[in-house]
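Quick notes on the structure that follows.
The values are calculated or read from the model by the stated rules, or taken from the named source; none is laboratory data. Since we're looking at a predicted model, the values are computed, not measured. Please note: Cβ atoms are built from the backbone with ideal geometry, for glycine as well, and neighbour counts cover all protein chains shown.
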Amino acid sequence: MKFISWNIDSLNAGLTATSPRGQMTFGVLENLASMKPDVLALQETKLKETGPTKKHLEILGNLFPEYKIVWRSSCEPARKGYAGTMFIYKEEYAPVVEQPEILAPTTMDCEGRIITLEFDNFYLTQVYTPNAGDGLRRLEDRGLWDDKYREYLHTLDANKPVIACGDYNVAHKEIDLKNPNSNRQSPGFTIEERNKFTELLDAGFTDTFRYKHGDVPERYTWWAQRSKTSKINNSGWRIDYWLVSNRIADKVEVSDMIDSGARQDHTPIILEINI
């Protein structure tokens, strides 16, 4: 099966914006559609609580005919038009759709951050992990989220193997970002966040990119938009992952990034697995 995950940073902008960035985003979507994934996972959709509009669904239907769409948006008391996730999967499948609450702190359970698809012999789940925030103001809550999320995956894994993807908002090791020394107190590279990701892997999960590629350097999934040269200079971070239960790691055939051209921010990641 072929799975793709991507933090799209606003589905509406990607589908309807006429700006150069919007057009680049739509071009990436067209490329992903041409790859005919079994499932596409999207994070940071930023949709209204009511979900995709009729226009959104029409465009997605043209891009992904014979696919079904499930989504989860931020709802009160969380901020509107914030976070959000979506799965687009081939209609030949009939997974059970779950939108779990993990007893996360503050409004995190209301921010549309997790959707899970239960297939006959595995779970496919995606996450948009909360950012620790400017000045690390949300770092403590982020740590509590990480604990609850790890417990959630462990519960799934006790039932059947797990394939997990998304924007985890953490560069796990120094090799996973261009400038580790200047970012040790930056959100996504604090020792607290990195240790929590280690705990997640130690709970029985494999980072499939490292499993397939080893310690290959300078392979990233995100380049800051605020710096016009971040992608040109490949000054990036690897913060998007495909994880699998350890017992199915040997079934992974491909785990890699998909080229998104000049578009900065996140690039899609692909997993091909014989399952």
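Scanning the range 87-109 for residues that are more than 14 Å from the chain's Cα centre (by Cα) and hydrophobic (A, V, I, L, M, F, W, C), we see that the one that is nearest to Val70 (Cα to Cα) is Val97.
The set of residues from the range 210-238 being in contact with a Lys or Arg (Cβ under 6 Å, 6 or more places away or on another chain) and either hydrophobic (A, V, I, L, M, F, W, C) or surrounded by fewer than 16 Cβ atoms within 10 Å (Cβ to Cβ) (or both) comprises just one member, Trp223. Per the conditions (1) under 20 Å from Ile273 (Cβ atoms); (2) in contact (Cβ under 8 Å) with a residue 24 or more places away in the chain; (3) assigned to a helix (DSSP H, G or I), the sole criterion not satisfied by Arg219 is (3). When the range 83-120 is filtered for residues that are of a type in the set (Phe, Trp, Tyr) and either farther than 24 Å from Ala13 by Cα or modelled with pLDDT under 95 (or both), the ones remaining, listed by number, are Tyr93, Phe119. Of all residues in the range 36-57, those satisfying the criterion of being within 14 Å of Ile88 (Cα to Cα) and touching a helix residue (DSSP H, G or I) at 6+ places or on another chain (Cβ under 8 Å) are Leu40, Leu42, Thr45, Pro52, His56. Out of the range 10-56, which residues are surrounded by 20 or more Cβ atoms within 10 Å (Cβ to Cβ) and touching a His at 6+ places or on another chain (Cβ under 9 Å)? If the condition is that a residue be surrounded by 20 or more Cβ atoms within 10 Å (Cβ to Cβ) and touching a His at 6+ places or on another chain (Cβ under 9 Å), then Leu11, Leu15, Gln43, Glu44, Leu47 are the ones that fit. Only a single criterion out of (1) under 29 Å from Leu156 (Cα atoms); (2) of a type in the set (A, V, I, L, M); (3) free of Cβ contacts under 8 Å to residues at least 60 places away in the same chain is not satisfied by Met86, namely (3). Of all residues assigned to the range 190-202, none qualifies as being in a loop (DSSP other than H, G, I, E, B) and in contact with an Asp or Glu (Cβ under 8 Å, 6 or more places away or on another chain).
Does Ile175 fit the bill of being surrounded by 19 or more Cβ atoms within 10 Å (Cβ to Cβ) and of a type in the set (Val, Ile, Thr)? Judged against the criteria, Ile175 is not a match. Taken over the range 222-275, the criterion of being under 23 Å from Asn183 (Cα atoms), assigned to a loop (DSSP other than H, G, I, E, B) and in contact with a Phe, Trp or Tyr (Cβ under 6 Å, 6 or more places away or on another chain) is satisfied by Ser230, Lys231, Gly236, Arg238, Ile239, Gln264. A residue that is free of Cβ contacts under 8 Å to residues at least 60 places away in the same chain, touching a Lys or Arg at 6+ places or on another chain (Cβ under 9 Å) and buried (at least 16 other Cβ atoms within 10 Å of the Cβ) cannot be found anywhere in the range 239-249. Listed by position, the strands (runs of 3 or more DSSP E) contained in the range 110-187 that have at least 3 residues being free of Cβ contacts under 8 Å to residues at least 60 places away in the same chain, within 19 Å of the chain's Cα centre (by Cα) and under 23 Å from Arg72 (Cβ atoms) are 114-118. When residues in the range 49-79 are screened for being touching a Lys or Arg at 6+ places or on another chain (Cβ under 7 Å) and part of a loop (DSSP other than H, G, I, E, B), 4 of them pass.
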